[in-house]
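Computed from the coordinates by the stated procedures, all read-outs in this text should not be read as laboratory data. All figures in this text were calculated on a predicted structure; none of them were measured in a lab. Note that each Cβ is placed from the backbone with ideal geometry, even for glycine, and that neighbours are counted across all protein chains shown.
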Amino acid sequence: MLQSELVGTTAVVTGAGQGIGAAVVRALSAAGAAVAAVDRNPGPLAALAEELGGSVRPYVLDVTDAAAVEATVELVERQLGPVGVLVNVAGILRTSPAVELSDQDWADTFAVNSTGVFHTCRAVGGRMAERGSGAIVTVGSNAAGVPRAGMAAYAASKAAATMFTRCLGLELARSGVRCNIVSPGSTDTEMQRALWGDDAEAAERRVVDGDPAGWRVGIPLGRIAQPTDIAEAVAFLVSDRARHITMHDLYVDGGATLRA
C-alpha cells in the first residue's frame, strides 16, 4: 500500500488486539491513517499503540454492547475526526458438532461475529452516508461459503455478517459508501493455533495437504496465510484504488475452497 494513501483518513478497526486485526491496524497506519484500534482486551491495545506511536489510539470496547459502540464512535470522531474507514475484525470461534452446540456458545458466537458487525456498521455507516463517502470492510471467513465440520456456529455467524455487509453496501451505494468482505481461509493466528493441539507442525501440514476425514481440501498455494496477507487485501479495498468495488466478497485462502 502507498505510504500516503490514507493521510487525513480516520479508520476504526475492531478486534485490533492481535492477529488479523493488529495487522490491519499496522497496514492502515503505515498508509497514513489515524487509527482507532478497538478491542475488549486493553493490554494488547496498549502495546500496539506504543509500537505504532501517535497514529494509533486504543479504545476498549465490547462490540456486543450497542450503546457502548455508539458512544465510542462518537468519541473517536470527536478525538480523531470523521470516520472514513471501518474494518470489522472482532470475532470468536466455538467449535462443536452442530447437534451438541450449547445455547450459550451459539448466542455468544452470533453476538460477536454477527451482531457486533451490525452494531459498528449502524453506528459508522449512518455517519458515512450523511457525509457522502466511506469504506467498510468486514473480515468474514471462507467457512461462510463452504461447510466445515465442527464449525456450524462460526460458519453461520460469518455467513450472516457477510450478507448483512452486502445488503448494507446495496443500501449505501448511492450515498458514496462502499461495503466489502474479505474472507480468509486458514491464517496463522492464535485462533487457528488453538485448533491445532500439541503437534502444531502435523496439524499445519494437514491443513495445507487437506483432511479427507474432515471433508476438507488442502490449500493449492501450499501455505497458510499470514495476517499481513489478509491486511493487504483489506487495505486495498478501503483505498481509492478500489473505488468501483462494492458488495464484493474477496476470498483470501490460497484457493482452499476452490471458490465453491
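Whole number please: convex hull volume per residue of the Cα set in the stretch 1-55, in Å³? Walk me through the numbers before you get to the answer.
Working: hull volume 3.4 nm³, N = 55.
Value for the stretch 1-55: 61 Å³ per residue.
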What list of ³J(HN,Hα) values in whole Hz, one per residue of the stretch 93-107 in order, does the Karplus curve 6.51 cos²θ - 1.76 cosθ + 1.60 (θ = phi - 60°) give from phi, with Gly and Pro shown as x?
10, 10, 9, 4, x, 4, 6, 10, 4, 7, 4, 5, 5, 4, 5
For the stretch 1-152, the dipole about the Cα centre with charges only on Cβ (Lys and Arg +1, Asp and Glu -1), to the nearest 20 debye, works out at 340 debye
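Rounded, prolate or oblate for the stretch 83-127? Axes are the square roots of the Cα gyration tensor eigenvalues, ordered a ≥ b ≥ c, and the cut-off for rounded is a/c under 1.5. If you can, show how the numbers build up before the last one.
Values: a/c = 5.14, a/b = 2.91, b/c = 1.77.
Note, shape of the stretch 83-127 comes out prolate.
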Rough spin-label spacing in nm, given labels placed 7 Å along Cα→Cβ, for ASN41 and LEU221
2.6 nm
Using the basic label-point model (7 angstrom from Cα toward the beta carbon), what is the ALA149 to ARG259 distance in nanometres?
2.8 nm
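Rank-order 31-38, 183-190, 115-122 by packing density, defined as the average count of other C-beta atoms within 10 Å over each peptide's residues, highest first. Don't jump to the answer; show the numbers that get you there.
Numbers: 31-38: 25.6, 183-190: 19.9, 115-122: 22.9.
With the highest mean Cβ count within 10 Å placed first, the list reads 31-38, 115-122, 183-190.
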Nearest 10, in degrees from 0 to 90: the angle of helix 152-172 to the longest Cα principal axis of the chain is 30 degrees
Which distance in Å, rounded to a whole number, links the C-alpha centroids of the stretch 149-193 and the stretch 218-260?
12 Å
In angstroms, what radius of gyration and Dmax does the stretch 61-164 have, counting Cα atoms only?
15.0, 47
Extreme residue, positive dipole direction of the chain, given options LEU75, LEU101, CYS167 (C-beta unit charges):
CYS167
Rounded to two decimals, the Debye log10 I(q)/I(0) of the stretch 204-260 (Cα scatterers, no solvent) at q = 0.24 Å⁻¹ is -0.96
For a quick check: with amide H placed at 1.01 Å from N, whose amide H comes under 5 Å from VAL35's, ignoring anything fewer than 5 positions away on the same chain?
ALA11, VAL56, ARG57
Using 0.36 nm times the number of residues separating THR95 and GLU201, minus their current alpha carbon distance, what extension gain do you get?
36.1 nm
Can you list residues from other chains, or at least 5 along the same chain, whose modelled amide H is less than 5 Å from the amide H of GLY150?
ALA98
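Evaluate E = 1/(1 + (r/R0)^6) for ALA71 and ASP108, where r is the Cβ-Cβ distance and R0 equals 22 Å; express this FRET efficiency to the nearest 0.05. Could you put the intermediate results ahead of the total?
On the way: r = 22 Å, r/R0 = 1.01.
Efficiency computed from Cβ-Cβ geometry: 0.50.
When the dipole is taken about the Cα centre of the chain, and only Lys, Arg (+1) and Asp, Glu (-1) are charged at their Cβ, what size is it in debye, to the nearest 20?
Working: 21 positive and 28 negative charges, 174 e Å.
Taking the Cα centre of the chain as origin, the dipole is about 840 debye.
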For the stretch 1-127, what are Rg and Dmax over the alpha carbons, in angstrom?
15.1, 50
Lys/Arg Cβ at +1, Asp/Glu Cβ at -1, dipole of the chain taken about the Cα centre: which of PRO42, THR187, GLY125 is farthest positive-ward?
GLY125
Work out from phi, with θ = phi - 60° and the Karplus expression 6.51 cos²θ - 1.76 cosθ + 1.60, the ³J(HN,Hα) of each residue of the stretch 227-237, listed in order in whole Hz, and give x for Gly and Pro.
x, 5, 4, 6, 4, 5, 5, 4, 4, 5, 5
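Using 1/(1 + (r/R0)^6) with R0 = 22 angstrom and r between the beta carbons of ASP240 and SER175, what's the FRET efficiency to the nearest 0.05? Please list the in-between numbers first.
Values: r = 17 Å, r/R0 = 0.76.
It comes to 0.85.
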Can you compute the radius of gyration and Dmax for the chain, using only the Cα atoms, both in Å?
17.5, 53
3J(HN,Hα) from dihedral phi, the stretch 47-60, Karplus parametrisation 6.51/-1.76/1.60, rounded to Hz, x for glycine, proline
5, 5, 5, 5, 5, 9, x, x, 6, 10, 10, x, 9, 7
Could you state the principal axis extents of the C-alpha atoms in the stretch 163-260, from the largest down, to the nearest angstrom?
50, 24, 22
Percentage relative contact order, the chain, counting C-alpha pairs under 8 Å, at least six apart:
19 percent
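Assign unit charges at the C-beta atoms only (+1 for Lys and Arg, -1 for Asp and Glu), then state the dipole size of the stretch 15-75 relative to its Cα centre in Debye, rounded to the nearest 20.
Working: 3 positive and 7 negative charges, 43 e Å.
I would put it at about 200 debye.
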Between the DSSP loop rule and a limit of at most 15 other Cβ atoms within 10 Å, which chymotrypsin sites (Phe, Trp or Tyr not before Pro) in the stretch 158-260 are left?
TRP196, TRP215
